[in-house]
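Visitor: This is the structure I want to talk about, given as structure tokens.
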2 protein chains.
Amino acid sequence: MYELLKKDGMAKRGRFHTVHGTIETPVFMNVGTAAAIKGAVSTDDLRGIKTQVESSNTYHLHVRPGDKVIKQLGGLHKFMNGDKPILTDSGGFQVFSLAGLRKIKEEGVHFHSHIDGKKIFMGPEESMQIQSNLASTIAMAFDECPSSVADRAYMEQSVARTTRWLARCKEEMARLNHLSDTINPKQMLFGINQGGIYEDIRVEHAKQIAAMDLDGYAVGGLAVGESHEDMYRILDSVVPVLPENKPTYLMGVGTPANILEGVDRGIDFFDCVYPTRNGRHGHVYTNHGKLNLFNAKYELDDRPIEEGCQCPTCQRFSRAYLRHLLKSGEMLSQRLLVMHNLWFYNHLMQEIRNALDNGTFAAFRAEYSEKMSKRI
Amino acid sequence: MYELLKKDGMAKRGRFHTVHGTIETPVFMNVGTAAAIKGAVSTDDLRGIKTQVESSNTYHLHVRPGDKVIKQLGGLHKFMNGDKPILTDSGGFQVFSLAGLRKIKEEGVHFHSHIDGKKIFMGPEESMQIQSNLASTIAMAFDECPSSVADRAYMEQSVARTTRWLARCKEEMARLNHLSDTINPKQMLFGINQGGIYEDIRVEHAKQIAAMDLDGYAVGGLAVGESHEDMYRILDSVVPVLPENKPTYLMGVGTPANILEGVDRGIDFFDCVYPTRNGRHGHVYTNHGKLNLFNAKYELDDRPIEEGCQCPTCQRFSRAYLRHLLKSGEMLSQRLLVMHNLWFYNHLMQEIRNALDNGTFAAFRAEYSEKMSKRI
């Protein structure tokens, strides 16, 4: 499924074949939590902004509209009218960050919906069943995402349970993929490494899950408040233990700088709400840092967000017009800025892949970091 | 400028040539108040939904971002990156409906901005100057839009002032169109008939403005709370007095049924916020009446809003998906529903034009009214 095309230090240039098409890595997944990218961006728009793969959320779609509704409608791809690969998060992260009052037991988690307070139970089997109903390309294992400041004793027992849950996920996914009414019988499963910032727990856990021969491996529980140094240190320890011939995924990361560091440490997949969330608030990315388009200095600025940018927004609209739309509360501003930001991220990944192809990644990374540090 | 291609009773099939392209009439103008169509629809999207002409608002653009800003940026067309004809409302209606505390004098109106309370003065000359700065294709005359329940004495003196203001508008527009730095020196001016529901005042006023040889004639001050019967009665009296070889415009109207009645009475131009506003609230038009997509019965409905509809939304997305987006508060729902509704209106106008071309308008109108009365 995964071809390792080239290595440059730890950095990997890969190609991941899926039933919904091939993903060139390193890649940034465009986040469409509730089966839509926030900011009025449709699956149709994704073609214009170089999106390779979208991520959607198991927990959100389970509570609304319901995974059974989506299954009856033919799965997420048909529902959203998309044909690109989709990765679904397992719901674990949301259960631990969004849901109300919860009880973690060996069988899974009892919690309350953040929408209507309804009691829900989710364990490894339920998460796999929901993701099978959604029929995503890649399902994520159901894990516990403990607080990054959890003590060592808690972390050890939590990670041990996450490993047991992973075995149950794998078994359940195999069963589901053999059912006759499963929409995507080639659904893949990625395991998730946990352990907070305890290096030894992380490495031990990574070894255990590496032995389970999964379709890919994520590093979870980072970018949740720890320092960048801690994150990079954990990646330095964990990635070398994960199988080189499988894709790696750094969950919820991050800034362009974080992504460059992640690639340099061997990460294939990234996802983050930054480009969509920032776009919705008027903050846009350029190769020389972020701009806040609410700023009065753009009132008469007839340049695009970034000169030379090939995104649909920069091809058509000026900073002055975008600022006017923002100030007027016109929804169109959010759409145009989100499209620019996603294009920016997707394009950055393409530049990274090109640099890896050409053996110039180290130079690219240095040059890019230099550019980003100088604001215009 | 205006070719009358065909008449069917009072109904007119026309072609209006402008510096920004030709408009086939009868036509529905798509409302983009603040230089953007609400619901994240960009000028680029207008191609896919058959938009011929957009309307924008002088008052709104004067207070934000400022017409001088737009002039410096090359005018509305360049600002919005659009190439189709744009009609700008004169600001009169908003001054009388939105603005705070106001004083009407012979020279114009003193009022307070609805955004920051700032004192503003607008008279015929100011309105023409603003619209010249915006460089729209068609400017509307600055008029008073009195309450529809204003008494006869008030209405008579208001209409007399509106006539005097119109003469000043015409003179000022001629002056502006001869200045060397005017962006659109071919800007056209439409006069506005007023008089509430007093037929004799309306007719007398229509005769006076008809004699002024303007580029087009609007009927204003209707669709502001009076009955449909009153509106149709006024049109029956007023339109025959207006020049046949000039376009007519029924301001702020209306439902598909209102439009059919307006066309039947000789109206060329319509504009209304219904399709955008309804779309943003989940109400969509079909040939068999409106649907409320929040309704639970669409949860599993994999049909498009309307079978056979060629709009970008119906070509791609199901009622079930659109309902999910609405329920989840995803902005994408608003965009997709507004695009469907605008397409619906634009397509209805095309069907009306086809029927006029084929001499089958009476049959089309009867059949359409029959269909619309039967809900599915």
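The values are calculated or read from the model by the stated rules, or taken from the named source; none is laboratory data. Everything numeric in this text was worked out from a predicted model, so none of it was measured. Please note: Cβ atoms are built from the backbone with ideal geometry, for glycine as well, and neighbour counts cover all protein chains shown. For accessibility, only protein heavy atoms count, side chains too; no ligands or nucleic acids. Shrake-Rupley method; radii C 1.70, N 1.55, O 1.52, S 1.80 Å.
Visitor: Ratio of the protein assembly as shown's C-alpha Rg to 2.2 N^0.38 Å, to two decimals?
Guide: 1.11
Visitor: Please find, in a Gaussian network model of chain B (springs between Cα atoms separated by less than 10 Å), the residue of B:M251, B:M212, B:M349 whose mean-square fluctuation is greatest.
Guide: Looking only at B:M251, B:M212, B:M349, the largest GNM fluctuation is found for B:M212.
Visitor: Sticking with this one: Other chains' Cβ within 10 Å of B:330-338 residues: what's the mean?
Guide: If you average over the peptide's residues, the count of other-chain Cβ atoms is 6.
Visitor: For chains B and A related by rotation, which residue of B has the Cβ nearest the axis, and what is the rounded distance in Å?
Guide: Closest Cβ to the B-to-A rotation axis, residue and whole-Å distance: B:A40, 2.
Visitor: Let me ask another. Enter the buried accessible area of the A/B pair, total of both sides, probe 1.4 Å, in Å² rounded to the nearest 100.
Guide: 3400 Å²
Visitor: Treating each Cα of the stretch A:265-376 as an identical point scatterer and ignoring solvent, apply the Debye formula and state log10 I(q)/I(0) at q = 0.14, 0.18, 0.19 Å⁻¹.
Guide: With one equal scatterer per Cα and no solvent, log10 I(q)/I(0) is -0.59, -0.90, -0.98.
Visitor: Just need log10 I(q)/I(0) for the stretch B:186-328 at q = 0.15, 0.20 Å⁻¹, Debye formula, equal scatterers on the alpha-carbon atoms, no solvent, rounded to two decimals.
Guide: -0.78, -1.06
Visitor: Select from A:K118, A:K71, A:K50 the residue whose mean-square fluctuation is largest in a Gaussian network model of chain A (Cα-Cα springs shorter than 10 Å).
Guide: A:K118
Visitor: Which distances, in nm and shortest first, link the A:G289 label point to the same label point in every other copy, taking 7 Å along Cα→Cβ?
Guide: Here A:G289 shows inter-copy label distances of 6.0 nm.
Visitor: Can I ask one more? For the stretch B:1-119, give the share of DSSP beta bridges that are antiparallel, in percent and rounded to the nearest 5; count only bridges with both residues there.
Guide: Bridges in the stretch B:1-119 that DSSP calls antiparallel: roughly 75 percent.
Visitor: Measuring from centroid to centroid over Cα atoms, what is the spacing of the stretch A:20-35 and the stretch B:292-349 in Å?
Guide: 25 Å
Visitor: Which links in A:K68/B:K297; A:K38/B:K50; A:K12/A:K290 stretch past 22 Å when you go from one Cα to the other?
Guide: A:K38/B:K50; A:K12/A:K290
Visitor: For the stretch A:110-188 and the stretch B:211-249, write down the distance between their C-alpha centroids in whole Å.
Guide: Cα centres, the stretch A:110-188 to the stretch B:211-249: 66 Å.
Visitor: Now, a different point. For a Förster distance of 51 Å, can you work out the FRET efficiency between the beta-carbons of A:T255 and B:K186, rounded to the nearest 0.05?
Guide: With a Förster radius of 51 Å, E is 0.50.
Visitor: Here is a further query. Within the protein assembly as shown, what whole-number % of the accessible surface is contributed by carbon and sulfur, with the 1.4 Å probe and all protein chains included in the calculation?
Guide: Answer for the protein assembly as shown is 50 percent, counting heavy atoms of protein chains only.
Visitor: I would also like to ask the following. Give me the percent relative contact order of chain A, please, defined on Cα pairs under 8 angstrom at least 6 residues apart.
Guide: About 17 percent, as a whole number.
Visitor: Nm distances between the label at B:K68 and the same-position labels in the remaining copies, 7 Å along Cα→Cβ, shortest first?
Guide: 6.4
Visitor: Relative to the isolated chain, which residues of the stretch A:48-92 have their accessible area cut by 10 Å² or more in the presence of all protein chains (1.4 Å probe, heavy atoms, no ligands or nucleic acids)?
Guide: With the partner chains in place, the stretch A:48-92 has these residues losing at least 10 Å²: A:R64, A:P65, A:V69, A:Q72, A:L73, A:K78, A:F79, A:M80, A:N81.
Visitor: Right, another one. Please work out how much length the chain gains when fully extended from B:R316 to B:A174, using 0.36 nm per residue of separation minus the C-alpha to C-alpha distance, in nm with one decimal.
Guide: Values: separation 142, 0.36 × 142 = 51.12 nm, distance 4.82 nm.
Gain on extension, B:R316 to B:A174, equals 46.3 nm.
Visitor: In addition: Lysine pairs in the stretch B:88-223 with Cα distance under 21 Å, only those 8 or more apart or on different chains: how many are there?
Guide: So the count works out to 7.
Visitor: Now a separate question. Relative contact order for the stretch A:177-218: what percent, with Cα pairs under 8 Å and sequence separation of 6 or more? Don't skip to the end; give the middle numbers.
Guide: On the way: 35 pairs, mean separation 17.3, N = 42.
Relative contact order, the stretch A:177-218: 41 percent.
Visitor: Here is a follow-up. Output the 0 to 90 degree angle, nearest 10, between the alpha-carbon long axis of helix A:361-373 and the longest principal axis computed from the alpha carbons of chain A.
Guide: Tilt relative to chain A: about 60 degrees.
Visitor: From the square roots a ≥ b ≥ c of the eigenvalues of the alpha-carbon gyration tensor of the stretch A:115-212, which class results: rounded (a/c under 1.5), prolate (a/b over b/c), or oblate?
Guide: It is oblate, given that a/c is not under 1.5 and a/b is not larger than b/c.
Visitor: Let me know the mean shielding of B:31-41 by other chains, meaning the per-residue number of their Cβ atoms within 10 Å of its Cβ. Display every interim value, and only then the final one.
Guide: Values: counts 0, 2, 2, 7, 6, 9, 3, 5, 5, 12, 5.
That average works out to 5.
Visitor: Under the definition of partner shielding as Cβ atoms of other protein chains within 10 Å of a residue Cβ, what is the mean value for peptide A:344-355?
Guide: Average neighbour count from other chains, rounded to a whole number: 0.
Visitor: At 7 Å along the Cα-to-beta-carbon direction for both A:R233 and A:L4, put a label point, then send me their distance in nm to one decimal.
Guide: 2.7 nm
Visitor: Rounded to the nearest 500, what is the 222 nm mean residue ellipticity of chain B from helices alone, with -39500 (n - 2.57) per DSSP H run of 4+ residues and division by all residues?
Guide: Value at 222 nm, helices only, nearest 500: -12000 deg cm²/dmol.
Visitor: Considering only the label points, 7 Å along Cα→Cβ from Cα, what distances in nm to one decimal separate A:S148 from the same position in each other copy, shortest first?
Guide: Output for A:S148: 6.0 nm, nearest copy listed first.
Visitor: Only Cα pairs under 8 Å and at least 6 apart count here; give the relative contact order of the stretch A:74-178 as a rounded whole percent. It would help to have the intermediate numbers written out before the result.
Guide: Working: 138 pairs, mean separation 30.8, N = 105.
Once divided by the residue count of the stretch A:74-178, the mean separation gives 29 percent.
Visitor: GNM, chain B, Cα, under 10 Å: largest mean-square fluctuation among B:Q187, B:Q72, B:Q52?
Guide: B:Q72
Visitor: Could you give the accessible area per residue of chain A, probe 1.4 Å, as a whole number in Å²?
Guide: Numbers: 14020 Å² over 376 residues.
With all protein chains present, chain A gives 37 Å² per residue.
Visitor: Give or take rounding to whole Å, what are the principal axis extents of the alpha carbon atoms in chain B, in descending order?
Guide: Each principal axis gives a Cα extent; for chain B these are 60, 45, 38 Å.
Visitor: Quick check: from the Cα gyration tensor, does the stretch A:58-99 come out rounded (a/c under 1.5), prolate or oblate?
Guide: oblate
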